[in-house]
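Worksheet: one structure, shown below.
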Amino acid sequence: MSHYYGSVQGNRGVATRGGSKNSGFTAWAQNGQARVYVELSVGDDGEDCYKVTLCPSTINHAGGQERVLATGKLKMRSVRK
């Protein structure tokens, strides 16, 4: 069973993929200007982590610098009512 799991849906339907603690999980989506990466991995402390990165698109080789948008622990925090 996969430790990480994701899906994507486009004009060819839904596709799913999994990743292990060793392989991690990386997904991306792009348009003509930019690409967004989502990476899931196990941190040095053994907890699941995420990283979201904005990069130039590979479609038309738009210029620009890679920028990390978010990082953190992949867990739900309890919500107080």
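Scan region 44-51 and give yes if some residue there is outside any loop (DSSP other than H, G, I, E, B), surrounded by fewer than 11 Cβ atoms within 10 Å (Cβ to Cβ), without any contact (Cβ under 8 Å) to a residue 24 or more places away in the chain and not hydrophobic (A, V, I, L, M, F, W, C), otherwise no.
No, region 44-51 contains no residue that is outside any loop (DSSP other than H, G, I, E, B), surrounded by fewer than 11 Cβ atoms within 10 Å (Cβ to Cβ), without any contact (Cβ under 8 Å) to a residue 24 or more places away in the chain and not hydrophobic (A, V, I, L, M, F, W, C).
For region 28-60: of the residues being under 13 Å from the mean Cα position of the chain (by Cα) and hydroxyl-bearing (S, T, Y), which is farthest from H3 (Cα to Cα)?
Here the answer is T53.
C55 versus (1) surrounded by 14 or more Cβ atoms within 10 Å (Cβ to Cβ); (2) at pLDDT 95 or above; (3) not aliphatic (A, V, I, L, M): which is the lone unmet condition?
(2)
Going through region 31-43 one residue at a time, which ones are among the polar types (S, T, N, Q) and crowded, with 16+ Cβ neighbours inside 10 Å?
S41
Can you pull out every residue in region 24-43 that is polar (S, T, N, Q) and either part of a strand (DSSP E or B) or under 19 Å from K75 (Cα atoms) (or both)?
Selection gives T26, Q30, S41.
For region 5-23, does any single residue satisfy the condition of being touching an Asp or Glu at 6+ places or on another chain (Cβ under 7 Å), among the small types (G, A, S) and either free of Cβ contacts under 8 Å to residues at least 40 places away in the same chain or in a strand (DSSP E or B) (or both)?
No - not one qualifying residue is present in region 5-23.
The values are calculated or read from the model by the stated rules, or taken from the named source; none is laboratory data. Since the model is a prediction, treat every value here as computed from it, not as a measurement. Because the Cβ atoms are built from the backbone with ideal geometry, glycine has one as well, and the counts that use them run over all protein chains shown.
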